[in-house]
Each structure stands twice: as C-alpha cells, then as structure tokens.
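The values are calculated or read from the model by the stated rules, or taken from the named source; none is laboratory data. Being a predicted model, the structure only gives us computed values, none of them experimental. Positions of Cβ are generated from backbone atoms using ideal geometry, with glycine treated the same way; all protein chains shown enter the neighbour counts. Remember, those area values only see protein heavy atoms, side chains included, never the ligands or the DNA or RNA. Shrake-Rupley method; radii C 1.70, N 1.55, O 1.52, S 1.80 Å.
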There are 4 protein chains.
Amino acid sequence: MNFASDNWAGAHPQIAEALARHATGFAAAYGNSDLDKVVKAKFSEVFERDVDVFFVATGTAANSLAMTAFAKPGGVFFAHREAHMLVDECGAPEYLSGGGRLCPVDGPLGRMDPAQLDAAIRRYPAQFLHGGQPAGVSVTQSSEIGTVYSLDELGAIADVARSHKLPLHMDGARFANALVSLGCTPAEMTWKRGIDIVSFGGTKNGCWCAEALVVLNPESAPGMPFIHKRAAQLFSKSRFVSAQFEAYFADDLWLKSARHSNAMAKRLAELFEKAPGARLAWQPQANEVFAILRDDRANALAAAGARFYDWHAPHGADLKLRTGEVLFRFVTSFATTEQEVEKTFSIISRAS
Amino acid sequence: MNFASDNWAGAHPQIAEALARHATGFAAAYGNSDLDKVVKAKFSEVFERDVDVFFVATGTAANSLAMTAFAKPGGVFFAHREAHMLVDECGAPEYLSGGGRLCPVDGPLGRMDPAQLDAAIRRYPAQFLHGGQPAGVSVTQSSEIGTVYSLDELGAIADVARSHKLPLHMDGARFANALVSLGCTPAEMTWKRGIDIVSFGGTKNGCWCAEALVVLNPESAPGMPFIHKRAAQLFSKSRFVSAQFEAYFADDLWLKSARHSNAMAKRLAELFEKAPGARLAWQPQANEVFAILRDDRANALAAAGARFYDWHAPHGADLKLRTGEVLFRFVTSFATTEQEVEKTFSIISRAS
Amino acid sequence: MNFASDNWAGAHPQIAEALARHATGFAAAYGNSDLDKVVKAKFSEVFERDVDVFFVATGTAANSLAMTAFAKPGGVFFAHREAHMLVDECGAPEYLSGGGRLCPVDGPLGRMDPAQLDAAIRRYPAQFLHGGQPAGVSVTQSSEIGTVYSLDELGAIADVARSHKLPLHMDGARFANALVSLGCTPAEMTWKRGIDIVSFGGTKNGCWCAEALVVLNPESAPGMPFIHKRAAQLFSKSRFVSAQFEAYFADDLWLKSARHSNAMAKRLAELFEKAPGARLAWQPQANEVFAILRDDRANALAAAGARFYDWHAPHGADLKLRTGEVLFRFVTSFATTEQEVEKTFSIISRAS
Amino acid sequence: MNFASDNWAGAHPQIAEALARHATGFAAAYGNSDLDKVVKAKFSEVFERDVDVFFVATGTAANSLAMTAFAKPGGVFFAHREAHMLVDECGAPEYLSGGGRLCPVDGPLGRMDPAQLDAAIRRYPAQFLHGGQPAGVSVTQSSEIGTVYSLDELGAIADVARSHKLPLHMDGARFANALVSLGCTPAEMTWKRGIDIVSFGGTKNGCWCAEALVVLNPESAPGMPFIHKRAAQLFSKSRFVSAQFEAYFADDLWLKSARHSNAMAKRLAELFEKAPGARLAWQPQANEVFAILRDDRANALAAAGARFYDWHAPHGADLKLRTGEVLFRFVTSFATTEQEVEKTFSIISRAS
C-alpha cells in the first residue's frame, strides 16, 4: 500500500526491457543517435506537429528551462500558488532564468482563475520600468492536487496569456494522467489550446528518468539548444532516455499506464467516500486522491504499512476540518494494484 | 571499429541487468531509498573516508556545481587550457556559478604546470578588488588528451592550490581509467593528495547515466544539497543511478572495465607505432590514443567504417605535422574488442 | 506645490556648496581619498560603532547588494508586500542575488506583522530541500506609506529574524525621516534593535546622489567589498559622494532637513483633516501624506499646478472610498515650503 | 605632479558650476526631467543620429550592461587581453551578463589585431553547441595603454565582427581623448565605422560622475531600459548627471579638456625622450604616457611628491628592460598643468 508518490514506483517492465535491449552497440552521443532521431520524430507524431524535443534530468529542469527561454530583464512568470515551480523547486526557476520572479496566482482546486491571472499580470504594466515586466505563464496539467483543467479552461488561460502577448507553458509532470482524464489528444490539450511549450514527464508514469521539454511553438523559446546545454542538461548517452520513451509510446503504454493510475485513484476515492472516518476532500481527476481521515484511521493505515503523506490545505480551500481530522494525499501509479486499494479500504473500515 | 568516444558505447550488461533488477517495488525518492543509502555508503568505502555524494545528470553538471560551491564574488577558477570546462561545457560553469571566470593554465600534454598555475593565480592578488579573486582550482584526471597526472604531480598542483588557500577539484569523467593507470587507490589519487571534491564519472566507463559529485572535504563545498537541488539535478527516482553504481562497484566491474579500455588503448598505440603512415602523437596513459595518420590511411580506415575524430593540436605542442598528416583521437571503452583494434591495424597497413 | 516625490527636489544648497568646494585638487580614487576616510569615520561616529560603508548609485543597489550578501542557494528574502524591493526595483534584488526569491509579508499600514513574518518564514522549513531556505529579512523605515516602526516593533521583527537565525536589513531610503520621527539615535533605531545592515539614503533628503550600504554586523555580509565592486557600484571619484555626506552630517543638516520635511507633512495632514472634500487615509509619521480627495478637489489642485500621484490602496486596507474619491500620495522634502502647503489647502478649500 | 590617474582629478569648475546651477527647483526623476531630455537630445546631436542614452554609475556598469544586452546562452565576448573588462572589473561583465565569458584577444600596443580577433571567434563555431557561441566584440578607444585605433583599424575590427554577425561595443572611458587625437567626429569614430554601442565616459575627463551607455544601433541592444533599471543603475535625481553633461558639451568643454590632457601627455613624452635615465615605452596617442625610468630617477620623482604607478609590460611587448629599469604609467587630465610637467622633467634631469 504505497501511495507516497508516483515517483516511489520503479520502472515499468517494458521500460526496463527497452533499456536492456538498447544497451549494446555504439551510437552517436548528445542526442544524435538514430534512436534519438526516431524518438524525436515520434514526439512530432504524438503532438501532430513538428516539435523540438530536449531531454532533461528532472521536471524541475524542464520547467526552469522553459522559464529561462521566456526570460526578460525584470521578468515575471505567473503560475498557480500551489504550482511545483513555486513550492517544490528550491528556487531553480529563479536561479536558472537569471533572477526571474514567480508570481503566485490563485484559483480554486489547483487551477488558476483566468480573471485572477489577468489581474496579476495587470499589476505589472508592460512599460512600467520599476515594476518589471510580465514574461510568461505556466499552467500545471494535471494540477498539484490531482485536478485537471478542461480544454475550455485551458483556452481561457491561453486567452489571457495571449491578450498580454505572453508565452504559455504547461507543466506536464503528469501529462498523461490529465490526457486520459480528458480523453483528448496531446494536440488538443496543448497547441490547439494555445500552449507553446510543455514539460513532458514520463518518470512519474513508469519511466526511470524520462523528462522532455517539448517546444510546440519555436518562437516562444529561441536559443533552446544552448539554454539546454548551458544548464548541464544535455545527456551524453541520450539513447538511455530515448529507449525509455520508445517503450513509453509503443503500444500506448503511456496511456494504458495513466488510465490504470487514474482508475486506481478513482476506486480509492469511491472507497474513501464509503469508509467510516474518512471523506474525500475533492473529487480526483487524475492519479492523486486527497482525503480527510480521522487520525485513528490514518494511524491504523500507517500501522499496516501504508505510505501516504499529510498535506496542507490549498490556499483558500475551506475543508471544514474537525478535531482529529487530517488531510492526506494518496498517489497512485502504474504499479498500484487493486489489492492495495481494497486493502486500504478494509483497514480503514476495520479501524474503529 | 568505433573509436568516436567512450560515450558512444551503450551500457555494460551488468549495469543493464542491475537496472532491470531494481525496477520493481516502491522506494523513497530523491536519494532517500535504501539502495541510495547503500550505494552512498559504498562510495565512502571506496574512498576510505566519509564522503557526501550527489548524483547529477552530466559531467558538466558535476564540474559546474563544484565551481558553484567554490564561488566567490568576482571569483576565478583555474584549469588547464584544454579542460572540458573550458572547451566543451558551453559556459555552464560560468552560468551556474553566477558568473565566475575560468582562467586557462598551460602545461604540456594536458596537465597543468604547477609553476604556470602559480603564476596564473598570482595575477589575481587576493585583495586586489579590481581584478577579482581566485576561487578554486580544477584538475582533470585522466586529462582530455589521455594523459595522467602522477601522484606527485597531483601533489604539486595541490601544494600550489593550498598555498593560495584554494579548494581543489578533480574532473574525473575518466576517473577509473586514471586510477588503474596509476595502480593506486581512490584515496591515494584524491584526498591523500589534497583533492577536496571529485566529479566521479561512471557513464564513459559502462554506465548509462551515472555521474556523482563526491565531496571529500565538506568545508570546501558548503550548502551542496541546496546547490544541487537548485540546479535541477536532484533525480526523483534516484535509485536508477544507484542501481548503476551498485553494479559498477560490484566485483570491481569499474576497475576491470577501465583496465580493459586502457589495455585496448595501449594495444592500439603499439600498432600505430608499427603501422606504415601512422605514428603516435604521444603515449597514451588511459583510454584515449592520439595518432597522426597520413590522410590516405585515415581515409581507408574511415571507408572501412571506423569512427574516430580529427583533433586540434594541444596548445604549445609541436607535432611536426607534414603535409597530408592529420592528428586523430581514438577512444576505447569497455565495449572495444581486440578484433576491432587488430582490424584497424590491418586496414592501415594495407592502405598504401 | 510639488509633492510628486522627494526625489523631484534638487540638492540642498549646502550639499551643492560642498561639491563645489571639493572639486579642486587630486585625491585617491575608489574610496581611498582622505575625504572618503573622514566621511566613513563619520558614519561610525553617527552609528556609535565601527561600521563598513559602501557608496552605491541607488537605493535599489543598496537593497539588492544587502540581499546578495545574505544570499544562499534557494534563498528566500522576506519583506513587506508593499516594500520597494518587491514593487519598484524591476527584479534587481532577484537578479543581483543570483536568483533569490522575495516573499511578501503582510501587516497593516506598511509594516510587517511579526506573527505573519514568522508564519511566512515557517513555510520554508530550513532543511526542506525542495522549498528553498530562508535567507534574510528586510524592514523599511520609514515605510513606503509614510509610517514608522516603533523601536519595540523593530525589536519584535528582529526577534523573529533572530529566532530563525536570519540576518536583518533595513531599507532606509528615508532613514532620517524615521529617525527624527522617533526622536532616537541611529544606534537605537538599528543595531541596538537587531538590524545588521542598512541602506542609508541621503538622496531623498537633500543630496544629489548619496546612498550608502552601512554594514553594522560584518558577519551578516561577508565579502561585501567584492560584492560591491562586482556589481559595478564602486565609484571612481568617490569623493563626490563623500562631499555630499560630509555636508549632510555637518551641523545636523540631515536631521534638520528631515524635521522640516516631516513638519511639512504634518501640517499638510492637519489641513487635509480640515479641508472640505478631503480626508486623511492614515496619520503620517514621516514625510509622506496619504489623503483621500474628492476628484473635483484633486482636479482643482492639479489645475493649479500641484504635482502629486494617485496611489493604490495598501493590501488589506479598507479605505471606504466613496464614489468620486481617490487616494493620493503627497511627499514633502527639504525643499517644501510652508507657502506651498498653505496654498494647497486654500485651493482645495476654494474648489467647491 | 599627480599622474596617478585621471580619476584622481576632481571636477572641472564648469561642471561644478552646472551642478550648483541646477540644484534648485523640482524636476521629474528617473531620467524624465526637462534637462534630461535636453541632454539626451544633445547626445543625438553630438553623434549625428538618434541615439538612446542611459546614465550609469561607472564605466564598469556601462561596459557590463552592453555585454548584458549582447548576451546569449553560452555567449562569449571578445576584447583585448589588456581591456578594462578583462583586467579591472572584478568579473562584473560575467556576473551581470548572466555568466558570459570574456575571451582575450591579442594585438600589439593595446589594440586587437583583426586577424587574431577573427581566429579567436572561429574557435567558437556558431553552431558547435559544446563550445558556446560568440556574442559580441568590444574595442577600447583610447586603449588601456594610451594608444588609439585609427579609423581604418576600427573599420577592420568592425569588418571581422560583422562577418560573424556580432555586435560591436566601444569602451570609451577615454572617448574624448581618442576623438581629439584622431581629429574626427563622434559619428566617424563610431557608427560610421560599425560601432553599435558606446560606453561614453565623462568622469575621467572632468566630470564628477558622468558615464553614459549610448546605443547607436538599437537592434544591438534590445530591452536596454529594463536591463539598465534591473542592474540598479537608474538614478533617481538623474539631472545631477545631465547637468554635468550639459556643461561637458557646452562650448566644447569636453574637447578642450581632452586636447589639454593629450597635449600635456605629448609634452611629458617629449621630455621623457630627452631626460637622462628615462625613455618612452611607446608613443602616447591620448592622455597616458608609458615611460621606462631608471629606479633612481623614479625614486627622486616620488620623493618630490609626484604620483604615478608602475605598470606590467603588455602581453607580447618586449621592452628590453635593463636592470634597474621599471615601466611606469603617467596619466594626464584637464587638471594637469604645464608647470607639473616641466617640474617632472627638471626633477628627473637633476636626479643623477
């Protein structure tokens, strides 16, 4: 019963197998192998558009280099107050972008409210030298709290960004989970709705280390090859990432894994709704479930060896926590089994 | 016959196998898994000292973060003119260290001359505000041109660094090749001779992606956990690196692979000494052979499918190139076979 | 009737005279002239402590270099939401500090609330790698909206900073105005209450360009000479700043000028309380008056040639603005005359 | 007899007078006063072209912000090995440009050799990711050792820069001295020969603090207003700089002062050629004289109260120093008197 995070899971067997398969033989380094080229072409196919792809070590790197590409002197980037960039990246976006500022934007359930985004941007009028200048917007899909922007909601964010002539980035650390949740195509969830560049994460969905910065609109990210190399993110044996992505895309493994994770989350949510001493904080839309448990139930679960984290209430959310209640996050992954989910329910139910 | 670079080789079967073996199950992320801890302890055992270990994506990252840890305002780092940091890292050390300067130091055959290092440092008197201030020294072992500092030569460099109170970094992208060349222990090649921090490379010696910054003297690199995370180099599924290093150190795989590479280089060098239309530029001491070939011989070799790069003459070297002669680099690796080496000789010999 | 800003005034005649007096003769550059030394000694006398003094071009430079001295990897600086650093410095603190983050702290009337400061710092637990780490606190005295921290309020902020082992900076762009408002000594308003470093502004109080970073606690700002020079802030003909400060401190010109400015502000405030169609937003404590005027009154005033700016309501303030009412800022300076103030009143009073 | 540096002189009486004259009254801050506008228009007149002008605190700031405007990821700037940026700016260009690299270029007598410049740039092939990318060229006029590029020599440098599509900066800390030495117009010495941006120094030529970044080709320096403000270089009471430049340009004060300095240097050089125990190192072309003195003569001079610095031999220069001979630098300024020069000669002549 490990719900600590989807990055606690290892690698999907097909990913591991692909790595082993490509281990032999010589191939050009630094992204120039035949396999690298095939995989990059695959990205263009997946996104139905010619894209540039840059493999990076971490989602933090992908996000930070997108901001670096957007950077201007005195530049300000706008993202949800709970966004990974703002909360969990140790200042990497600010550091790598040469001192850009991250401006938090509020909105319910982990999604920026377009009106609040617009208001936040307006506080930095483009030609007011003293305040700095807006430089870009970032949206997280799925969000840090397991919710998903609808296509129209993405479009509304993009409209605001476009009205201020700002490029738009998507932090897709859990891209696949959002995609299968919406049941749309990558193109529909990105450039068809105004996204210019994506942090495309494979690691949390069954890869070992497969993160890519996918540039959909090259005008939004000039100089990216040098930005990427200068940040010490250009792998020499790049095929070790390509091999993972090859397997990731083959036979829709990525979509199947995401569907499984989401289904496990949904099932877990249903059980929390039924379990005594437990309730859902909000409905999950991807692979993260936020539930409020009475602490005796949580203790029982932990005692049984389950792993999960307590979580802070999102800004502005009123969870109406009663004494003895705590908010917890449960993350599912390709490796989560139905048995684990059912066992979780059974322990909670028994706990009283 | 692929001598393009040791990063054109894939992964050693034992490395690939270890990755597959550790693919299942859940484990804590961000360097906190049991395997991570075991492997980090192994590093301390290997270095015969309590060391801090930070996995990074690339050798460039390792080098750059060492410089970042050394950085001071107006800081200057000293390295050989041909060092990777100066030639092949796209300004990453300058960028990541917040604008440090790399000062080239000369010395024959890829190794800094201690007197020249001393003179270079003296051009930045410690309290002359206008010039900036010396901040650190970096030595490459084995060097960019396949030579190796003897232990006494390392000690002489360290003496200069210490006399200026400067920390000393070793770029060990090919650490193992140097180590087996000298036939000494890691401790003897590093902290016993005054090295404070090492970029410990496993990738070129048979791993997929296994680079570590090994801090031998923690006073030389304060704040490294934050420096590391802020640079977007903290892997989430860190065990994918640990698994590689586990296999790397097991049964001395790393030393065996390096001995093999070096032996292949030595054999290739012997053959170049014998082959018509070829001569050695200098004796290899690790796994890189620099040879001067008549272009007809080089063409014949290339036509037979061999991969190798022409190279610029090192600063100050007088190779006495005659018309039609070109300097080439041949790199061997764990994957180089004796057959490839012999075939190379036979093609050159036949080429006239 | 110019109340646009205290930096719209020119130089006090005694400042101009000192510059002319020191124009002749040769003197060592870069802060090493006899006059520089005399003036720096004067700073130590003024602060009753051995201080280090660094002249800079702007208050933004002073603030930003203080943050640079405080900087850590992933570092976060805490200041009031309305602080100059956060609102008016175009990202200079972030840029010059190598990518530090500014975290806004709320509190009524331009002053941080100690409890809110403590809560903001606690959101960055010192050893939580992902979030970054607290690096320093900055307090503005007098504040951006003309209010002044009492000595006890400063002490309470310092207690919070100290409890988190954070250095404490004072943005003293209007240091003198706060000082005479409190009627205390520079020592009492700074290091005796826990301030480590001060941006000491002379420009707004009658100098041409006289800003100094005053280091009260050298441990809080190591390496400052290099930080200062590297930021291109080391004036060559430094005596042109020293000459200004010499006159500034002579015969308490700085205190007299500040008392005059504050008195003009107080008088203006009294008149706004009496004038029809006008009311004070809050009581001024230094040289900035914030008043709410009916727009017909404001228009009449502007039509008569008065200069003043409309202002945004401070975060969290409820000004109960009625239709047709606008918040305005009026800044007084050494150059403000009683006549201007009275004329302002008379125009407003007549305006209906 | 003060020949230590032209920044040891104070302010020219007309500069001091202008500052006093503009001290009274209110004027818009941050470069928006009427005087600021008049002076900026004057720059356009002086350069016979619409230029953008940014006042900065120091020549180091001007140079560094030019490089910042030129910056690219992994960018390399080319300047003479003895250039101020490389030797005397404490890493400010590297720091402020976000980690750019300065590449030294050789050439006799303080001037880059175009062929060597071309060779240096070619070592960074534009699309070789690993090496970084050329980003700009900087030429110092007059040079650090008192020599001046002819217009054709400037044109040759510009041809090299243009052939690599690189912008070209002129460090004109001693712009006026070079200008009157060549007897040409500012336009002829700059944009008519391919210069894109100038660090225009007034401080060394009789101002207190008057340095301007003059953008001749706006395409070479996009975003400069924000670059300037973000670097904490936007003066609030900007008219204190404008007042200096107003007087500087009025009645050709700047040219007259430079002609005087140069004439004093020329006279000093003639005397060194005649004086026993002294000889010129090379002919001065601006206001710096480099002479080789026997140490008894130098000691006599110093004992008589003269101020001057010993100097390192420029890279590659063979001064044929005999035992007891030392190279010294003598700098003249608007404040240097004929009496001082003659007295210097008389002391040296008497010294034996």
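Accessible area per residue for the stretch A:13-253, computed on protein heavy atoms with a 1.4 Å probe, is 29 Å². Accessible surface area normalised per residue over the stretch D:258-350 is 46 Å², counting heavy atoms of protein chains with a 1.4 Å rolling probe.
How many Cβ atoms of partner chains, on average, are near each residue of A:97-107 if near means within 10 Å of its Cβ?
So the per-residue partner count for this stretch is 4.
What's the average, rounded to a whole number, of partner chain beta-carbon atoms within 10 Å of each residue's beta-carbon in D:122-132?
Neighbouring Cβ atoms belonging to other protein chains average 4 per residue here.
The rotation axis taking chain A to chain C passes closest to this chain A residue's Cβ, listed with the gap in Å: A:GLY99, 3. On the stretch B:258-350, 51 percent of the accessible area sits on carbon and sulfur atoms, based on a 1.4 Å probe. Assuming charge only on the beta carbon of Lys and Arg (+1) and of Asp and Glu (-1), the dipole of chain D about its Cα centre is about 280 debye to the nearest 20. Taking amide H atoms as placed 1.01 Å from N in the peptide plane, the amide H of C:ARG307 lies under 5 Å from those of C:ASN2, C:PHE3, C:ALA4, each 5 or more residues away in sequence or on another chain. Taking amide H as placed 1.01 Å from N in the peptide plane, the amide H of D:GLY10 sits under 5 Å from that of C:GLY25, each at least 5 places away or on another chain.
What the phi angles of the stretch C:8-21 give under the Karplus curve with 6.51, -1.76 and 1.60, with θ = phi - 60°, is a coupling list of 8, 6, x, 10, 4, x, 5, 5, 4, 5, 5, 4, 5, 4 Hz, glycine and proline written as x. Label-to-label distances for B:PRO108 across copies, nearest first, come out at 3.1, 7.8, 8.0 nm, using points 7 Å from Cα in the beta-carbon direction. Remark on D:VAL56: its backbone amide H falls under 5 Å from those of D:GLU211, D:ALA212, D:LEU213, a criterion applied only to residues 5 or more positions apart or on other chains, H modelled at 1.01 Å from N. Note that the stretch B:126-133 has calculated 3J(HN,Hα) couplings of 4, 10, 8, 3, 5, x, x, 9 Hz, one per residue in order, obtained from phi through the Karplus relation 6.51 cos²θ - 1.76 cosθ + 1.60 (θ = phi - 60°); glycine and proline are x.
Shape descriptor for chain C: Rg over Rh equals 0.98 (Cα atoms; Rh from the Kirkwood inverse mean 1/r). Each helix, a run of at least 4 DSSP H residues, gives -39500 (n - 2.57); summed and divided by the residues of chain C, these come to -11500 deg cm²/dmol at 222 nm. Here the Karplus relation 6.51 cos²θ - 1.76 cosθ + 1.60, evaluated at θ = phi - 60°, turns the backbone of the stretch D:161-175 into coupling constants of 4, 5, 5, 9, 6, 9, x, 10, 10, 10, 7, x, 4, 10, 4 Hz, with x for every Gly and Pro. Please give me the summed charge of the neighbours of A:ALA62: other residues whose Cβ is under 12 Å from its Cβ, Lys and Arg +1, Asp and Glu -1. Summing Lys/Arg as +1 and Asp/Glu as -1 gives -3.
How far, in nm, would the chain grow between C:ALA119 and C:ASP296 when pulled straight, counting 0.36 nm per residue and subtracting the alpha carbon separation? Full extension from C:ALA119 to C:ASP296 adds 59.4 nm.
Where the centroid of each part is defined by its Cα atoms, how far is the stretch B:62-76 from the stretch B:99-146 in Å? The stretch B:62-76 and the stretch B:99-146 have Cα centres spaced 13 Å from each other.
Each principal axis of the Cα cloud of the stretch B:16-77 was evaluated for its coordinate range; sorted largest first, these ranges are 48, 25, 21 Å. Placing a label point 7 Å from Cα along the Cα-to-Cβ axis, A:GLU48 is separated from the same position in the other copies by 5.9, 6.4, 7.5 nm, shortest listed first. One way to sum up the overall shape of the stretch B:134-278 is the equivalent ellipsoid from its Cα gyration tensor, whose semi-axes run 28, 22, 13 Å, largest first.
Total Å² of accessible surface buried at the A-B contact, 1.4 Å probe, nearest 100? Buried: approximately 4200 Å² between B and A. Of all the options B:LYS256, B:LYS229, B:LYS204, the one that moves most in a Gaussian network model of chain B with Cα springs shorter than 10 angstrom is B:LYS229. Per-residue mean of foreign Cβ neighbours for A:213-226 is 2 (Cβ atoms of other chains, 10 Å radius).
A cut-off under 10 angstrom between Cβ atoms defines the neighbours of A:HIS315, and their net charge, with Lys, Arg +1 and Asp, Glu -1, is -1.
Placing unit charges on each Cβ (+1 for Lys and Arg, -1 for Asp and Glu) gives chain A a dipole about its Cα centre, and among A:SER242, A:TYR30, A:LEU271 the Cα reaching farthest toward its positive end belongs to A:TYR30.
Legend: calculated FRET efficiency, A:ALA187 to A:ASP152, from the Cβ-Cβ distance at R0 = 22 Å, rounded to 0.05, equals 0.85.
Between A:GLU45 and B:ASP50, what FRET efficiency comes out of the Förster formula 1/(1 + (r/R0)^6) with R0 = 45 Å and r the beta carbon distance, rounded to 0.05?
Values: r = 50 Å, r/R0 = 1.11.
Calculated transfer efficiency: 0.35.
Size descriptors for the stretch C:258-350 (Cα atoms only): Rg and Dmax, in that order, 12.3, 36 Å. Centre-to-centre separation between the Cα atoms of the stretch C:265-308 and those of the stretch B:282-342: 83 Å. Comparing mean-square fluctuations of D:PHE47, D:PHE226, D:PHE240 from a GNM of chain D with C-alpha springs under 10 Å, the top value falls on D:PHE226. The modelled label-to-label distance for the pair B:GLN283/A:GLU340, using points 7 Å beyond Cα in the direction of Cβ, is 5.8 nm. Taking the label point 7 Å along Cα→Cβ, A:HIS315 and its counterparts in the other copies are spaced 0.9, 5.0, 5.0 nm apart, in ascending order.
Note on the stretch D:228-276: Lys pairs 8 or more places apart or on different chains, Cα atoms under 30 Å apart, count 5.
Between the beta carbons of A:TYR309 and A:ARG350, assuming R0 = 22 Å, the FRET efficiency works out to 0.50 to the nearest 0.05.
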